[in-house]
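Here is the structure we will look at.
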Amino acid sequence: MPNNSNVYYIPPKPKREKRVGIYCRVSTNSMDHLQSLTAQISHLTRLIASMLQWVLADVYIDIATSKTGSSRKEFNQILDNCRSRKLDIVITKNISRFGRDTVEILDALNQLKTLGVHVMFEQEELDTENTDSDLMIAIVEALAQGENESRSENIKWGIKQRAAQGTSKLYDRKCYGYKHDADGKLVIDEEQAKNVRLIFDLYLSGQSILGIIRELEKRKILSPTGKEKWCKRTIDVMLSNEKYTGDVKLFKSGKSDVQYMASENNPAIISKETFEAVQIEKGRRSSIVKEENGSKRKNEKYSSKKK
């Protein structure tokens, strides 16, 4: 009878039962984003290898480009593979990489939960298998809202930075009287420019805005939108637009605490003297007067018929 005292029993290796899919998404194909993508895949691959019951089934990568836009071919492929029972777990870097918005994220999570597939968000340390549905919804919505607010602030900051550096395309935004050349710069549209000069001249000659509109329609001059009827606001905005002097001011509304002025940004249609004269006349005609106790309306309104 053999001596079993020197026999060592080795337990069988656990089976790698869970098929895991890695999902990664980047918003552009820039070198920085592609390097980040490589780092994501490498990290998640090592994570899967460290789990004895996991096996890497596939890696799914979506890269948004100017041609494909926000197409998510690989994301849809994951959903198809889950329906075909080819995946048990989906792992991704974070919630923001998994979906473009709250609705898409929650819809996908609900589909995968029904299929018995759970999603792991590595950065947030969340696993839908162990997270209450209502809590998951609250977390996703809070994170999505925070990211949207952050993205909005970043966009606003970028717009102001370009304005401060003089590189913003807003400086060359087209208005009536101008057109773009081949380089996207403003040049004078002579046919429209003569109408701009007419409007300023009519105002300084004593015409009211309604009187200017009647004169334009009498001469069959079409509005900036190609209509026979002109809008009072259109005329009022034109008379206050310093772009006609060659200067451009950004963020003129009271919502911004900083304004930016680009001098000699484009060729002038009217002189600065004419523009200033119009602003003074607009102030004189205004029905609002400012006093120490605040603003109030004048007793009489301006009329071009008055002498």
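Let me check I've understood the local charge: for E273, count other residues with C-beta under 14 angstrom from its C-beta, Lys and Arg +1, Asp and Glu -1. What total comes out?
The answer is -3.
Beyond 25 Å between alpha-carbons counts as too far, so tell me which of K185/K249; K252/K272; K169/K232 fall in that bin.
Values: K185/K249 16 Å; K252/K272 18 Å; K169/K232 28 Å.
Correct reply: K169/K232.
Using a cut-off of 12 Å between beta-carbons, work out the net charge of the residues near E129 (Lys and Arg +1, Asp and Glu -1, E129 not included).
Numbers: positive: K18, K113; negative: D88, D127, D132.
Value of the local net charge: -1.
By the scheme Lys and Arg +1, Asp and Glu -1, what is the net charge of all other residues having a beta-carbon under 13 Å from that of K220? Don't skip to the end; give the middle numbers.
Numbers: positive: R214, K218, R219, K227, K229; negative: E215, E217, E228.
That works out to +2.
What residues of the range 230-246 lie in the reach of a label at R285, counting those whose backbone N is under 17 Å from a point 7 Å from the Cα along Cα→Cβ?
230-242
Here, each number is a calculation from the coordinates, and none is a lab measurement. Treat the numbers as computed from the prediction; the structure is a model and nothing was measured. Every residue, glycine as well, gets a Cβ built from its backbone with ideal geometry; the counts of neighbours run over all protein chains shown.
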